[in-house]
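Below you'll find the structure, written out as structure tokens, and then a few comments.
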Amino acid sequence: MPNALYPKWKEALLQASANSSLGGTVRAVLIDAADYTYSAAHEFLTSVPGAARVGTPQTLGTKTFVDGAFDAADITFPTTTGDQAEAILIYIDTGTDATSRLVAYLDTGFTGLPVTPGGGDVTIAWDNGTNRIFRI
């Protein structure tokens, strides 16, 4: 599956709906593609089964918004165990899965995946080119 921005997030962004701004707490979680299939109809984190989430979600720091590109510092998932991860899911964290809006499903364009966690750190290095994490 190529990288995708969730259409429900884009719709919420255009309407300035609650929990649509990337200015708040944005997290990334490793995803086991065997346990989760991207769907354009998915809107909130409740659509992603717990079994598909690998490791502990990490907050994106040093976020930038330049010329339509969203970027942040590379991330490290510390002492990660679990199933193989083939993708990363970006979401806006509200502290509640039912209102934490899905933003992007990413499986290409950066280094670090796929990975089978063995208890060590998993580091993801975002694209340093013009696309960064993603471009609108």
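Among the numbered conditions (1) on the phi < 0 side of the Ramachandran plot; (2) not in a strand (DSSP E or B), the only one that PRO57 does not meet is (2).
Within segment 81-92, the set of residues being among the acidic types (Asp, Glu) and either touching a Leu at 6+ places or on another chain (Cβ under 8 Å) or surrounded by 22 or more Cβ atoms within 10 Å (Cβ to Cβ) (or both) comprises GLU86 only. Does ASP35 satisfy the condition of being surrounded by 14 or more Cβ atoms within 10 Å (Cβ to Cβ), outside any strand (DSSP E or B), modelled with pLDDT of 95 or more and out of contact with any Leu (no Cβ under 8 Å at 6 or more places or on another chain)? For ASP35, the condition - surrounded by 14 or more Cβ atoms within 10 Å (Cβ to Cβ), outside any strand (DSSP E or B), modelled with pLDDT of 95 or more and out of contact with any Leu (no Cβ under 8 Å at 6 or more places or on another chain) - is met. For ALA98, are the conditions met, namely being under 19 Å from PRO7 (Cα atoms), small (Gly, Ala, Ser), in contact with a helix residue (DSSP H, G or I) (Cβ under 9 Å, 6 or more places away or on another chain) and in a loop (DSSP other than H, G, I, E, B)? The answer is yes for ALA98. When ARG53 is evaluated against the numbered criteria (1) charged (D, E, K, R); (2) surrounded by 14 or more Cβ atoms within 10 Å (Cβ to Cβ); (3) more than 12 Å from the chain's Cα centre (by Cα), which criterion, by number, is the only one it fails? Here ARG53 clears every test but (3).
The values are calculated or read from the model by the stated rules, or taken from the named source; none is laboratory data. None of these values were measured; they are calculated from a predicted model. Cβ sites come from the backbone with ideal geometry, for glycine too, and all protein chains shown count toward neighbours.
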